[in-house]
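These notes are about the structure you will find just below.
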Amino acid sequence: FGRTEVIDNTLNPDFVRKFIMDYFFEERENLRFDFYDVDSKSPNLSKHDFLGQMFCTLGEIVGSQGSRLEKSIVGIPGKKCGTVIVTAEELGCCRDSVLMQFCANKLDKKDFFGKSDPFLVFLRSNEDGSFTICHKTEVVKNTLNPVWQAFKISVRALCNGDYDRTIKVEVYDWDRDGSHDFIGEFTTSYRELSRGQSQFNVYEVINPKKKGKKKKYVNSGTVTLLSFLIETEVSFLDYIKGGTQINFTVAIDFTASNGNPSQPTSLHYMNPYQLNAYGMALKAVGEIIQDYDSDKMFPALGFGARLPPDGRVSHEFALNGNPQNPYCHGIDGVMEAYYRSLKSVQLYGPTNFAPVINHVARYAASVKDGSQYFVLLIITDGVISDMAQTKESIVNASKLPMSIIIVGVGPAEFDAMEELDGDVVRISSRGKFAERDIVQFVPFRDYIDRSGNHVLSMARLAKDVLAEIPEQFLSYMRVRGIKPLPAPPPYTPPIHVLQTQI
């Protein structure tokens, strides 16, 4: 992807060169850093001494406290290779929007019977000197002194983030037949406009044709900036940087319709050579989310089984057998607990979702300050038995900092799940609608790669189920008016005292 500069003669280099990468929450982006000691001018790496390497994901860097990851360098057997510190920051210059309002005075009269019907057209200049329309105001009828409504536009659209780029504003008189009359124009820039209402932001509207013909021509009126407000759109990463933790809970369907786990036809079949559908879905989604959870401890629940020793049916049991502490260490710990459960519980039924949704909702209800957000992954084979209760649970949970992902495995019809997804029709219960859309459903069978490349197909599955999470997360924070906390101060490397001999 790129190389840093070379820093001579030091064991504690602080590299300056930055690398700009595209970041996607919903994808696992694996990175490798290789370290070399430069011995000659050759660009060929094999001509230099290898000092070790570090592996991580972009999500791991972003998800670390303050987006700062410190990790050991490895790769030379039996040797300590030192540590590397990697920091990430989001490029924020183009996340701003501006709210502006303009009025005009003494514009030229263009209509024979009445006054003019003026409107403004904003154009941003491009690198090649051409102009692109980026905004049109509404038309104000029959006046030479219009006040237009305030409008909001992103800085990217207005000037592509370049504060000194020319912005051209054209003033027209609207005509019903579409042949709008040109009144005049003026130019400005984002930097000029950002001074707000002042004598600098009163512009003479000039019509070049008139100016060329009439010696006494002054202008065709003036346009004045009334207000200029900058609004910064906060992003998902602002919250992660400010320390918001994403808590990940897994719920697995242990109903009898999955088939006997000892049979190869079962969705829970424990194949010694490859993961079953449950294991694949769990790993695909879990491995991405775990980068955003600092303690890497995940509650893992099962539903729809009879539990030892007395055979009672449970729709909310801990996979690790410890109801007081259902947490498993890392995704591997969840997988282990899942396989252990398969050996000890009896698959039963019915398929009830509400208990596990309410389980996570209880935790989410206790931290509504924006410091934590909960994601529940339900993996199921099927037809839901407690639809009314589940809908009610989802409507209640839509007020909480949580999202629900449902992965449907097996060949069943998943019509009810599509209804829970709420993308087409917002979900409701007893006449109450969900405050926001928090459910994402995908059928696992759509991701089975015919050529047998599970790695690629699982990456696609994770991408599709996680793509909506940042927006669902932001919609909760926006509705609650929760702002991200400031990121911790940037790390400053310790000062190494240089010893000198006298």
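The values are calculated or read from the model by the stated rules, or taken from the named source; none is laboratory data. Just so we're clear, the structure is a prediction, and the values are computed from it rather than from any experiment. Positions of Cβ are backbone-derived with ideal geometry, glycine not excepted, and every protein chain shown enters the neighbour counts. Heads up: the accessible areas ignore ligands, DNA and RNA and are worked out on the full protein's heavy atoms, side chains in. Shrake-Rupley method; radii C 1.70, N 1.55, O 1.52, S 1.80 Å.
Some values worked out for this structure:
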read-out	value
Of residues in segment 399-413 being surrounded by 24 or more Cβ atoms within 10 Å (Cβ to Cβ) and not aliphatic (A, V, I, L, M), the one modelled with the lowest pLDDT	GLY408
Unmet criterion (only one of (1) outside any loop (DSSP other than H, G, I, E, B); (2) touching an Asp or Glu at 6+ places or on another chain (Cβ under 6 Å); (3) over 30 Å from VAL234 (Cβ atoms); (4) not charged (D, E, K, R)) for GLY410	(1)
Residue check for ASP117: out of contact with any Gly (no Cβ under 9 Å at 6 or more places or on another chain) and farther than 30 Å from PHE25 by Cα	yes
Contacts under 7 angstrom Cβ, first residue in segment 31-50 being in contact (Cβ under 8 Å) with a residue 12 or more places away in the chain, partner open to solvent by 60 Å² or more (accessible area, probe 1.4 Å) and in a helix (DSSP H, G or I), 6 or more apart	TYR36/LEU45
Where a residue in segment 281-307 is more than 14 Å from GLU27 (Cβ to Cβ) and its partner, wherever it lies, is open to solvent by 20 Å² or more (accessible area, probe 1.4 Å) and assigned to a helix (DSSP H, G or I), with Cβ under 6 Å and at least six apart	LYS296/GLN290
Only listed residue being at positive phi and in the same structural domain as ASP108 (by the TED database), chosen from GLY311, GLY304, GLY221	GLY221
Count of segment 462-495 residues which are open to solvent by 90 Å² or more (accessible area, probe 1.4 Å) and either part of a loop (DSSP other than H, G, I, E, B) or among the acidic types (Asp, Glu) (or both)	9
Residue identified as more than 30 Å from ALA284 (Cα to Cα), open to solvent by 50 Å² or more (accessible area, probe 1.4 Å) and not hydrophobic (A, V, I, L, M, F, W, C) among ASP39, ASP22	ASP39
Exclusive hit being at pLDDT 90 or above and within 18 Å of ASN201 (Cβ to Cβ), set ILE133, ILE76, ILE153, ILE85	ILE153
Residue within segment 234-243 that is under 30 Å from LYS483 (Cα atoms), surrounded by fewer than 17 Cβ atoms within 10 Å (Cβ to Cβ), touching a helix residue (DSSP H, G or I) at 6+ places or on another chain (Cβ under 9 Å) and not β-branched (Val, Ile, Thr) present	yes
Per-region count, segment 98-122, residues of a type in the set (S, T, N, Q) and open to solvent by 10 Å² or more (accessible area, probe 1.4 Å)	2
Identity of the residue in segment 127-171, of a type in the set (Phe, Trp, Tyr) and open to solvent by 50 Å² or more (accessible area, probe 1.4 Å), that ends up nearest to ARG95 (Cα to Cα)	TYR163
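Table: residues versus (1) assigned by the TED database to the domain that holds ASN352; (2) out of contact with any helix residue (DSSP H, G or I) (no Cβ under 6 Å at 6 or more places or on another chain); (3) crowded, with 22+ Cβ neighbours inside 10 Å.
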{"position": "LYS368", "(1), (2), (3)": "yes, yes, no"}
{"position": "LEU377", "(1), (2), (3)": "yes, no, yes"}
{"position": "ASP381", "(1), (2), (3)": "yes, no, yes"}
{"position": "ALA397", "(1), (2), (3)": "yes, no, yes"}
{"position": "ASP421", "(1), (2), (3)": "yes, yes, no"}
{"position": "VAL424", "(1), (2), (3)": "yes, yes, no"}
{"position": "ARG430", "(1), (2), (3)": "yes, yes, no"}
{"position": "ILE448", "(1), (2), (3)": "yes, yes, no"}
{"position": "ARG460", "(1), (2), (3)": "yes, no, no"}
